[in-house]
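Undergrad: Let me give you the structure first, and then I'll get to my questions.
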Amino acid sequence: MHEPVEPVVAVVVAAGSGTRLGGETPKALRVVAGRSLVARSVDQLAAGGCTAAVVVVAAGTEDAFAAALADAPIPCLLTLGGAERQDSVRHGLDAVRAEPALAGCRVVLVHDAARAFVPADVVTRVIDAVRGGSVAVVPVVPVVDTVRALAGATSAVVDRSALRAVQTPQGFDLATLAAAHARLAADGVVVTDDAAACEHAGHPVTLVAGSRRSLKVTEPLDLVFAEALARQA
Ligand code: C5P
């Protein structure tokens, strides 16, 4: 008899307004070279080893997301987001823990739908690091620009060799991340990513190699790069 496969669930947050990109449709539903960003994200997460996704969306957009994900390679459950990104992640984690089909999930990834071109090998590295015992894992890339830190009216160059830009998917032990988010909510602390939520709760964060292909589609110019990445794949 085969051992049942332990679920690896991706919480894909897509409930933001995407105001920097402009347009009427939610950013994650923007179609690039014939496929929506959210469907592309789920494709890549599945290729890297995720077995299911919980996609967190804004109220009123459920039907459009269900249609965009109708041909996804893994089961996708939709749930509603909250006011801030971290509220949306918390709702997604609640949905993972409430869904009987996902019982036994220990490894959870949190991914921004806008990073639709993340290579499968980055996803696999994140999953493997959590399986290997890390409770919070983030993919990072070196910073290519020279960076200056502002200090009042002056500024100073920062040693970029010590800097890393943080991407998603980030990987976690599910119970650790859920407890970390509960603590954030209780403490009234706002963070910009989930590794920071774990750090606030005192957990170490493990870094793995990300990829420059994991572009976060944010501004209109990013759609030009996205089209090029989609046609190259
Ligand atoms: O605004 P930002 O670029 O940090 O958003 C990152 C991701 O978080 C996006 O995929 C966005 O849809 C999602 N988000 C969300 N709920 C919010 C705000 C942002 O799911 N309330």
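The values are calculated or read from the model by the stated rules, or taken from the named source; none is laboratory data. Treat the numbers as computed from the prediction; the structure is a model and nothing was measured. Please note: Cβ atoms are built from the backbone with ideal geometry, for glycine as well, and neighbour counts cover all protein chains shown. Only protein heavy atoms, including side chains, enter the accessible area calculation; ligands, DNA and RNA are left aside. Shrake-Rupley method; radii C 1.70, N 1.55, O 1.52, S 1.80 Å.
Undergrad: Can you give me the solvent accessible area of THR154 with a 1.4 Å probe, rounded to the nearest 10 Å²?
TA: Counting only protein heavy atoms, THR154 exposes about 90 Å² to solvent.
Undergrad: Of VAL144, VAL208, which has the most accessible area with a 1.4 Å probe, and how do the rest follow in descending order?
TA: Values: VAL144 85, VAL208 25 Å².
Largest accessible area first, the residues go VAL144, VAL208.
Undergrad: Once Lys and Arg get +1 and Asp and Glu get -1 on their Cβ, which of LEU207, ALA178, ALA153 lies farthest toward the positive end of the dipole of the chain?
TA: Of the candidates, ALA153 comes out farthest on the positive side.
Undergrad: Give the carbon-plus-sulfur fraction of the accessible surface of the chain in %, rounded to a whole number; probe 1.4 Å, heavy atoms of protein chains only.
TA: Working: 6200 of 11270 Å².
Carbon-and-sulfur percentage of accessible area, whole number: 55.
Undergrad: While we're on this one: So, taking all protein chains as they sit and a 1.4 Å probe, how much accessible area belongs to ASP71, in Å² rounded to tens?
TA: Number for this one is 100 Å².
Undergrad: Please turn the phi angles of segment 23-35 into ³J(HN,Hα) values with the Karplus equation 6.51 cos²θ - 1.76 cosθ + 1.60 (θ = phi - 60°), one per residue in order, whole Hz, x for glycine and proline.
TA: x, 8, 6, x, 3, 5, 8, 4, 8, 10, 6, x, 9
Undergrad: For LEU29, LEU80, give me the order by solvent-accessible area with a 1.4 Å probe, most accessible first, ignoring ligands, DNA and RNA. Don't jump to the answer; show the numbers that get you there.
TA: Details: LEU29 25, LEU80 75 Å².
In descending accessible area the options line up as LEU80, LEU29.
Undergrad: Compute the accessible area per residue over segment 62-106, keeping the other protein chains in place, probe 1.4 Å, unit Å². Walk me through the intermediate numbers first.
TA: Numbers: 2410 Å² over 45 residues.
Per residue, segment 62-106 has 54 Å² of solvent-accessible surface.
Undergrad: Please give the peptides 165-175, 60-70 ranked by average Cβ packing (other Cβ atoms within 10 Å per residue), highest first, as a rough proxy for protection. Working shown, then result.
TA: Details: 165-175: 23.4, 60-70: 15.7.
Descending packing order for the listed peptides: 165-175, 60-70.
Undergrad: A follow-up question, please. What accessible area per residue, rounded to a whole number of Å², is obtained for segment 156-213 using a probe radius of 1.4 Å?
TA: Per-residue accessible area for segment 156-213 comes out at 50 Å².
Undergrad: Suppose every Lys and Arg Cβ carries +1 and every Asp and Glu Cβ carries -1, with no other charges. What dipole size does segment 8-232 come out with about its Cα centre, to the nearest 20 debye? Display every interim value, and only then the final one.
TA: Values: 20 positive and 22 negative charges, 98 e Å.
With only Lys, Arg, Asp and Glu charged at Cβ, the dipole is about 460 debye.
Undergrad: In whole Å, what three semi-axes, largest first, describe the equivalent ellipsoid of the chain built from its Cα gyration tensor (square root of 5 times each eigenvalue)? Write out the running numbers ahead of the final one.
TA: Working: eigenvalues 135, 104, 68 Å².
After scaling each eigenvalue by five and taking roots: 26, 23, 18 Å.
Undergrad: Give, as a single signed number, the net charge of other residues whose beta carbon lies under 10 Å from the beta carbon of HIS181, with Lys and Arg counted +1 and Asp and Glu -1. Working shown, then result.
TA: On the way: positive: ARG90, ARG183; negative: ASP87, ASP94, ASP194.
With Lys, Arg at +1 and Asp, Glu at -1, the net is -1.
Undergrad: Now for a different question. For the chain, what does -39500 (n - 2.57) per DSSP helix run (n ≥ 4), summed and divided by total residues, give at 222 nm, in deg cm²/dmol to the nearest 500? Intermediate values should be presented prior to the final figure.
TA: On the way: 7 runs with 79 residues, N = 233.
The helix contribution divided over the chain gives -10500 deg cm²/dmol.
Undergrad: Ordered by packing density, taken as the mean number of other Cβ atoms within 10 Å over each peptide's residues, highest first, how do 224-231, 130-137 rank?
TA: Numbers: 224-231: 13.8, 130-137: 18.2.
The most tightly packed comes first, giving 130-137, 224-231.
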